[in-house]
Ligand SMILES: [Zn+2]
């Protein structure tokens, strides 16, 4: 069975939590996320948002192998089951996550990485006077489809450089919104299958890296109401030859789980 709440509900919620107008064509805001932030920040807005975007970690993988995502699962209070969009491939799904719009509206409907022309969450924040940064690798969708905005892009060849820069930016505390992409689970899963030891090791690395970012945020952003998200794009399934894939209209590929953690200002 498919999860009932769509991935397209996240953008409007994140905009509202940060005191910005939702992107123009975004779907209605995710109520559970709004309520979580409202309670955690005692009715105040957040002024820092950090979104960690791993790739292709399916909800069923998290449910079957929770020990490999233990750090992320344990530190986050809010677990949001969501239904991703079709076709369930990276640029289509991250397009929806950061516009709140269905693929027919944001314009990416296949595995292509053009710059999105409609209003995104980045544009909402920029309009509200917020400083945004994307930290991503040079091949990935997030490093390409949100280009051409008045914000900073830190694009590197390896995830080690990506993660080092993300840590540096957190410590400097100069951006209101930092969006980070880590594709390691996706890359390993395609070659080895979703449940292979190497893939589960990549899942563990995603969870561990996220926990380090969260610890840095807890310490270095303690003057701010900060919201941290572990936010994947789509799931995956096993195919012949022990490989992994995604892109189909099936619960394995479409059902995902986002985790969120609020750190109220001290
Ligand atoms: Zn993906």
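The values are calculated or read from the model by the stated rules, or taken from the named source; none is laboratory data. Since we're looking at a predicted model, the values are computed, not measured. Backbone-built Cβ (ideal geometry, glycine too); neighbour counts: all protein chains shown.
Numbers below:
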{"item": "Selection count where residues are buried (at least 20 other Cβ atoms within 10 Å of the Cβ) and more than 16 Å from the ligand (Cβ to nearest atom), scope region 41-66", "result": "4"}
{"item": "Pair list, Cβ under 6 Å, 6 or more apart: region 108-126 residue free of Cβ contacts under 8 Å to residues at least 24 places away in the same chain, other residue surrounded by 16 or more Cβ atoms within 10 Å (Cβ to Cβ)", "result": "109/103"}
{"item": "Near pairs, Cβ below 8 angstrom, 6+ apart or cross-chain, from region 195-209 (under 16 Å from residue 230 (Cβ atoms)) to any residue that is assigned to a loop (DSSP other than H, G, I, E, B) and modelled with pLDDT of 95 or more", "result": "203/57; 203/65; 206/57"}
{"item": "Residue within region 115-124 that is farther than 23 Å from residue 28 by Cα and buried (at least 19 other Cβ atoms within 10 Å of the Cβ) present", "result": "no"}
{"item": "Filtered residue count, region 97-111, keeping only those that are away from the ligand (no atom under 12 Å from the Cβ) and within 14 Å of the chain's Cα centre (by Cα)", "result": "3"}
{"item": "Residue within region 7-29 that is within 16 Å of the ligand (Cβ to nearest atom), assigned to a helix (DSSP H, G or I), touching a residue at least 60 places away in the same chain (Cβ under 8 Å) and crowded, with 19+ Cβ neighbours inside 10 Å present", "result": "yes"}
{"item": "Candidate set: region 75-95, residues that are over 20 Å from residue 107 (Cβ atoms) and assigned to a loop (DSSP other than H, G, I, E, B); chosen: the one farthest from the ligand (Cβ to nearest atom)", "result": "77"}
{"item": "Filter result for residue 256 (farther than 20 Å from residue 97 by Cβ, in contact with a strand residue (DSSP E or B) (Cβ under 8 Å, 6 or more places away or on another chain) and within 16 Å of the ligand (Cβ to nearest atom))", "result": "no"}
{"item": "Single condition residue 184 does not satisfy, out of (1) buried (at least 24 other Cβ atoms within 10 Å of the Cβ); (2) over 19 Å from residue 14 (Cα atoms); (3) in contact (Cβ under 8 Å) with a residue 60 or more places away in the chain; (4) within 16 Å of the ligand (Cβ to nearest atom)", "result": "(1)"}
{"item": "Qualifying positions in region 189-209 - surrounded by fewer than 17 Cβ atoms within 10 Å (Cβ to Cβ), touching a strand residue (DSSP E or B) at 6+ places or on another chain (Cβ under 7 Å) and farther than 21 Å from residue 240 by Cβ", "result": "none"}
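Residue-by-condition table, conditions (1) closer than 12 Å to residue 56 by Cβ; (2) at pLDDT 95 or above; (3) more than 14 Å from the chain's Cα centre (by Cα):
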| residue | (1), (2), (3) |
| --- | --- |
| 190 | yes, yes, yes |
| 202 | yes, yes, yes |
| 212 | no, yes, yes |
| 227 | no, yes, no |
